[in-house]
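In what follows, a structure is listed as structure tokens, so that the remarks can point back to it.
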Amino acid sequence: MQPRDAGVMTWSEAATVAQVVAAVALIVSALYLRSSAKETKALAMQTKALGDDTKALAVEEQLDREIRYRPHVVATMQHTPIRGGEYWRVRMRNVGVGPALDLSVAFVGNRGEFGSRRSLVLDAGEALQLDIRTEVLTHPEGLFNPPPGFSMPGGSQYLVVVCNDVLGIRLRFLDGLPPEPWRASSGVPAPPWTKW
């Protein structure tokens, strides 16, 4: 056997060194991939949090826009025997910031009489007085039913105002109760009063 030169490896030594280098490279790659996976997971969580924040801002902006253009109709009525018949005088004022479009007003009087006027417009800040003749003794289904969780204030005469805002949201105003909005895009079935 010939003596080997210093610094020269045998094939088996070279194979061992190659295996060690490959193992070290594999370990370094695994550590890098593990670190990258953690960073990717952290970035995904941050992205999800940003998405949630964006959704919350979008909902807040939608509500802000709805309130910015929402009418708020305040109405009162009194029985007034005028013009040879039974009339009820209804006074309305839009104290909201948007117009009340396709406005309808209806009442049920002390004896169950019903009267209504439809297809009115009441701009923000505008007031209107109507003398409405009683028409029939029955009223449309659900028109005077209170929303879930509320009951009608005491008394035997009720006034309801239904209108749209400029964003297409249908609103119902019942005596003594907060406005009740309904929007077609909500996915909630339309209550009967929205069809009146």
request  = Kindly indicate whether any position in the stretch 122-131 is surrounded by fewer than 13 Cβ atoms within 10 Å (Cβ to Cβ) and at pLDDT below 65.
outcome  = no
inquiry  = Looking at the structure I just gave you, is Ala6 at pLDDT below 75, of a type in the set (A, V, I, L, M) and more than 30 Å from Val160 (Cβ to Cβ)?
reply    = yes
task = Can you confirm whether the stretch 110-118 contains a residue that is modelled with pLDDT of 85 or more and not assigned by TED's automatic domain parsing to the domain that holds Asp64?
result = no
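The values are calculated or read from the model by the stated rules, or taken from the named source; none is laboratory data. Note that this is a predicted model, so its numbers are computed, not measured. Every residue, glycine among them, receives a Cβ derived from its backbone with ideal geometry; neighbour counts consider all protein chains shown.
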